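Presented below is the structure to which this report refers.
Just so it is clear, none of the values below were taken in a lab; they were calculated from the coordinates. Since the structure is predicted, the reported quantities are computational estimates derived from the model, not experimental observations. As a convention, Cβ positions derive from the backbone with ideal geometry for all residues, glycine included, and neighbour counts pool all protein chains shown.
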Amino acid sequence: MSTILDDIKMQYRTGGIANKMIYWNVGIFLLSLVFYQFKLGYFDYPNWLALSSNPITVLTNPWTLLTYAFLHGGPMHLFFNMMVLHFSSRLFLTFFTQKQYFGLYILSAIFSGLVFVISFYVLGKTSVLIGASAAIMALLVATTTYQPLMEIRLLLIGYVKLWHITGVILLLFLLQIGLDNTGGHIAHFSGAFFGYIYIKLLQNGTDLSKPVNAIIDFFTNLFSPKKATPFKRVHVNPKKPAVKRESKIVIKDKTQQQLDEILDKISQSGYDSLTAEEKEFLFKAGK
């Protein structure tokens, strides 16, 4: 059991932003079980967590424009969202940075939430919104917009273009928009639209993710403990003739070299590609 937990901790530390986002979604889902009505068989999320279509409720609980994107209606809802998130994340991070990934995820969730609230207010409907689907669609459509002809190999089908996959998913959402989960589908298309706009602006030199990451970096530096610089007494020695020193080439020791090779392997093939010995070495080095 301890080995499994150690592997999970190591994957969280070294897996990058995509792994962390999946862990956050799963972890929050487990915590949200306190709102599950076992007798009725569904989640009853309060208005200070789920996103309400009532504008007044949103104004008094503005953080729900983000918290809703980490809540799910059940295990299958979570499972399918995390499968698509994993798929979309790997594609997006092939071309873009982890900070751009994080910024797009957060901004698309907020944008889609706002569109949901405005749309239901105009339609005169009331509902609540939960799920990470809007942010996931933003990642998928952003990658498709940037590289639509990228070939993806699907099981039992073979190689297909990325825009074919994205197009089929959006078409299925469109066909269901008037049947069930109207609010969810509005959020899906809002996230897709934001992902498209994000890439078009990025290609013109405007990175919308920068303000988000600047705010995160500011608060991280603000609350991170600062190391105090110890006072040092300086002794001034008599001047001596300058002596030229030969430059030395610093060579990494074997431990550091092996650690770098393992980290390179993770970045190229993922944590699961490591052997048992490499995982054990990485865990010991992490301590």
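Summary table below
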| item | result |
| --- | --- |
| Footprinting exposure proxy for ILE22, ILE8, ILE177, ILE136 (fewest neighbouring C-beta atoms within 10 Å first) | ILE8, ILE177, ILE22, ILE136 |
| Residues ASP207, ASP44, sorted so that the one with the fewest Cβ neighbours within 10 Å comes first | ASP44, ASP207 |
| Two-site label geometry, LEU149 and LEU114: point separation in nm, points 7 Å out along Cα→Cβ | 3.6 |
| Residues with amide H under 5 Å from that of PHE43, placed H, sequence gap 5 or more | GLN37 |
| Spin-label pair LYS200/PHE218, simplified geometry with 7 Å Cα→Cβ offset, distance in nm | 2.9 |
| Karplus-derived 3J(HN,Hα), 6.51/-1.76/1.60, for each residue of the stretch 140-154, Hz, glycine and proline x | 5, 5, 4, 5, 5, 5, 6, 9, x, 8, 4, 8, 10, 8, 9 |
| Rel. contact order, % - alpha carbon contacts under 8 angstrom, at least six apart, the stretch 11-222 | 22 |
| For the stretch 70-78, Karplus couplings with θ = phi - 60° (6.51, -1.76, 1.60), whole Hz, Gly/Pro x | 10, 10, 9, x, x, x, 5, 4, 5 |
| Distance from the stretch 30-78 to the stretch 143-171 (C-alpha centre basis), Å | 32 |
| Partner aspartates and glutamates for LYS99 [C-alpha distance under 17 Å; skip if fewer than 8 residues away on the same chain] | ASP207, ASP217 |
| Estimated FRET transfer efficiency (LEU30, SER127; beta-carbon r; R0 30 Å; 0.05) | 0.75 |
| Sites ILE157 and PHE95, calculated FRET efficiency, Cβ-Cβ separation with R0 25 Å, nearest 0.05 | 0.60 |
| Chain lengthening between ASP6 and THR255 when straightened (0.36 nm per residue, less Cα-Cα) | 87.6 nm |
| Theoretical gain in end-to-end length, GLU280 to HIS86 [0.36 nm per residue, Cα-Cα removed] | 67.3 nm |
